[in-house]
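To start, the structure under review is shown below, and the notes come after it.
Values quoted throughout were computed directly from the atomic coordinates according to the rules given, and no laboratory measurement underlies them. Predicted model only: the values in this text are computed from it and were never measured. Glycine gets a Cβ as well: all are built from the backbone with ideal geometry, and neighbour counts include every protein chain shown.
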Amino acid sequence: MRKRASFARWVSVVCLAVAGCGGESSNPGSPSATGGGAKAGARPKVAFVSNNPAEFWTICEAGARKAADEVDVELQYKRPQDGAAATQKQIIEDLLVGKTQAIAISVISPDNQIAFLDEVAARIPLLCVDNDASKSKRKAYLGTANLKAGRSVGELVKQALPNGGKVALFVGQLDPLNARERRQGVIDVLEGVESQGLRDTPDGKTYGKYELLGTYTDNVDKNKAKDNASDVLAKNQGAEDLCLVGLWAYNPPAILAAVKDANRAGKVHIVAFDENDETLEGIKKGEILGTIVQSPYEFGYQSVKLMAILVREPDEAVIPADGIIDIPHRVITKANVDEFHAELNKLLGK
């Protein structure tokens with residue numbers, strides 16, 4: 001496995017570089033304010049393109065806009081209203097027509113978008129954020145080590161079901177690498193094996209003491225996400241050794257809604273991913289055991305700062321040799337959810 005750059009060390013390098021490429025205190029008339037890669041006197045145009053419209057990306061946008069103000073760039077923040085790669089492609093093509101000078105993207109279907117991403121990367125700096133396309137010619141990936149984060153999910157499942165039981169996984173799509181890696185990390189822990197990367201781990205099998213009922217996808221449809229959870233509950237009525245796991249931000253609230261409708265809150269275990277407000281409130285009430293949170297605010301903040309450097313100072317050596325910038329995840333349970341929620345609200349200005 002490739003060695004990832006220390007996030008704290010990388011941030012300090014980026015902040016030093018940004019200080020010399022047009023931050024808040026720069027003289028607008030100085031060479032460093034316009035930079036070698038951008039037209040003199042112009043504000044660079046950069047863009048962030050998410051992979052769906054989920055609330056997770058609202059937190060990311062707050063960080064992106066904060067960075068855009070600090071480094072004086074024009075930010076276009078785009079959220080596809082579905083999970084289709086074709087929709088994302090059209091958004092990016094429109095941005096290129098509009099002379100966008102750098103793009104950060106959470107890739108929807110890495111294996112199927114490589115050729116297009118390489119075309120983009122040949123024209124302007126391209127970053128992958130949250131979901132990587134490691135085979136493309138992107139400059140860098142910023143985000144969570146998803147296999148590792150998935151293992152943290154698996155540890156919460158084992159805490160919920162220490163003697164084993166039935167487990168169901170819920171996620172929007174399985175094309176994105178982050179979904180596949182999170183799923184794999186969960187299964188590795190349940191089976192009791194060290195991380196080996198992606199491998200063949202079919203649904204309907206038993207891993208260690210845990211029966212994997214299935215991995216249920218919803219194509220980023222919240223109603224379908226709830227229906228999936230309701231179906232699993234209906235097929236496992238009365239089961240107390242049941243844990244439902246939501247791997248994308250909107251999945252845990254959908255699971256919780258289905259559990260409440262079935263009058264099984266507190267009886268069915270729920271493990272979550274990401275920091276949706278409903279998820280955090282569910283943890284406070286004891287309805288959800290815990291969640292693995294990323295740092296979407298930092299995803300947006302650091303990617304915009306890096307794009308500013310790549311546009312203004314294209315030769316600046318700020319990208320790690322392996323092209324991976326690891327932004328660590330955290331485990332949130334009832335013990336620390338209040339503190340974390342307060343931190344999140346402060347970042348969002350609530």
Cα centroid separation - the stretch 77-122 against the stretch 297-314, whole Å: 17 Å
Loop-located GluC sites (Glu not before Pro) in the stretch 139-226 whose Cβ has at most 11 other Cβ within 10 Å (DSSP): Glu194
Options (1) 23.1, 74; (2) 21.7, 68; (3) 20.8, 70 - which one matches Rg and Dmax of the Cα atoms in Å as calculated here: (3)
Residues Arg43, Arg138, Arg182 arranged by fewest to most Cβ contacts within 10 Å: Arg43, Arg138, Arg182
Beta bridges per DSSP with both ends in the stretch 146-293, % antiparallel, nearest 5: 10 percent
Whole-Å semi-axes of the stretch 216-350's equivalent ellipsoid (Cα gyration tensor): 36, 17, 12
Cα-centred dipole magnitude for the stretch 175-307, charges only on beta-carbon of K, R (+1) and D, E (-1), debye, nearest 20: 140 debye
Share, in percent, of DSSP beta bridges within the chain that are antiparallel, nearest 5: 15 percent
Sorted by Cβ neighbour density within 10 Å, fewest at the top, the residues Thr291, Thr87, Thr144: Thr87, Thr144, Thr291
Potential extension, Val97-Asn223 segment - 0.36 nm per residue separation minus Cα distance: 41.8 nm
Convex hull of Cα atoms in the stretch 146-293, direction-averaged projection (nm²): 7.5 nm²
Other-chain or far-sequence residues with amide H under 5 Å of Gly290's (modelled H): Ala272
Dipole of the stretch 202-350, positive end: most advanced residue of Gln302, Val232, Ala272 [Cβ charges, Cα centre]: Val232
Residue order, fewest to most surrounding Cβ atoms within 10 angstrom, among Lys285, Lys139: Lys285, Lys139
